[in-house]
Amino acid sequence: MRAIAAREGRKEQILDSAVAVFAEKGYYKATTAQVAEAAGVTQPYIFHFFHNKADLFNAVVDRAFQRIYESFRTVEAPPDRLFQTMGDAFFRIMNTNRAETILVMQAPAISEPVIREHVREKFQLIHKLVLTKFTQAGLPNAAEAASRFIGTGLLITVSEVLNLPQLRCLD
């Protein structure tokens, strides 16, 4: 039991390091050797957990999207405050997990089919959750509001990453 916990701890350590390396260098310039060095493990050790770099990147994407999904899922607010409250939840994620947020922005631009499809599925899950919450809250034009919410989140992320707060003038 202790060995399994230690192994999972190492896996999380590798994922933490991978987030930092991928966010800094991007998918194509990052290497598993760099991730291993940052994690303080050997490169072959990474392959005990992940088949290849794409598998590692998808695991990092999973963790980032899971954090967003859970944050949105647990938001409770009256209909007239739901959009803003979910936006506030996203800001909290950005403030506490900046590197993951950068990865979420980079991920759709990666042309590797296995990554592109994986990211597509994750965005679909987030959109479906937001649409469901908006529909259940009785928001008018829930589908349009869900798309606008996702689009606003992407714009806000770009403004944060590029330090262009003027992009956030959305009133």
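Annotations
- Angle in degrees between helix 53-73 and the longest Cα principal axis of the chain, rounded to the nearest 10: 30 degrees
- Using C-alpha pairs under 8 Å with a sequence gap of at least 6, the mean separation divided by the residue count of the chain gives a relative contact order of 19 percent.
- For segment 92-139 versus segment 5-63, the gap between their alpha-carbon centres in whole angstrom: 20 Å
- Local net charge near Tyr28, Cβ-Cβ under 14 Å (Lys/Arg +1, Asp/Glu -1): +2
- When each of the peptides 76-88, 57-69 is scored by the mean number of other C-beta atoms lying within 10 Å of its residues, the order from highest to lowest reads 57-69, 76-88.
- Relative contact order of segment 4-86, taken over Cα pairs closer than 8 Å and 6 or more residues apart, is 24 percent.
- Among the listed pairs Lys29/Lys128; Lys11/Lys53; Lys25/Lys53, those beyond 25 Å (Cα-Cα): Lys29/Lys128
- Principal-axis tilt of helix 79-96 within the chain, Cα atoms, nearest 10 degrees: 20 degrees
- 3J(HN,Hα) along segment 10-17: 5, 4, 5, 4, 5, 5, 4, 5 Hz, from the Karplus curve 6.51 cos²θ - 1.76 cosθ + 1.60 with θ = phi - 60°, whole Hz, x for Gly and Pro.
- Between 0 and 90 degrees, the angle of helix 142-161 with respect to the longest Cα principal axis of the chain falls at about 50 degrees.
- For Gly40, the shell of other residues with beta-carbons less than 14 Å away shows a net charge of -1, using +1 for Lys and Arg and -1 for Asp and Glu.
- Dmax and Rg, reported as Rg then Dmax, of the chain (C-alpha, Å): 17.5, 54
- For the chain, the solvent-accessible area works out to 57 Å² per residue, with a probe of 1.4 Å and every protein chain left in place.
- Treating each Cα of segment 82-171 as one equal point scatterer and applying the Debye formula with no solvent, the log10 of I(q)/I(0) at q = 0.10, 0.13, 0.23 Å⁻¹ comes out as -0.28, -0.47, -1.27.
- Annotation: aspartates and glutamates with alpha-carbon distance below 15 angstrom to Lys133 (same-chain offsets under eight excluded): Glu70, Glu76, Asp80, Glu144.
- When every Cα-Cα distance of segment 38-87 is counted in 5 angstrom steps from zero, the calculated P(r) takes the values 5, 17, 17, 14, 11, 9, 8, 8, 7, 3, 1 percent.
- Nonpolar atom fraction for the chain, defined as the carbon and sulfur part of the 1.4 Å probe accessible area, stands at 55 percent.
The values are calculated or read from the model by the stated rules, or taken from the named source; none is laboratory data. For clarity, every value in this text was computed on a predicted model and none was experimentally measured. Cβ atoms come from the backbone with ideal geometry, glycine included; neighbour counts cover every protein chain shown. What goes into the accessible areas is simple: the full protein's heavy atoms, side chains included, and nothing from ligands, DNA or RNA. Shrake-Rupley method; radii C 1.70, N 1.55, O 1.52, S 1.80 Å.
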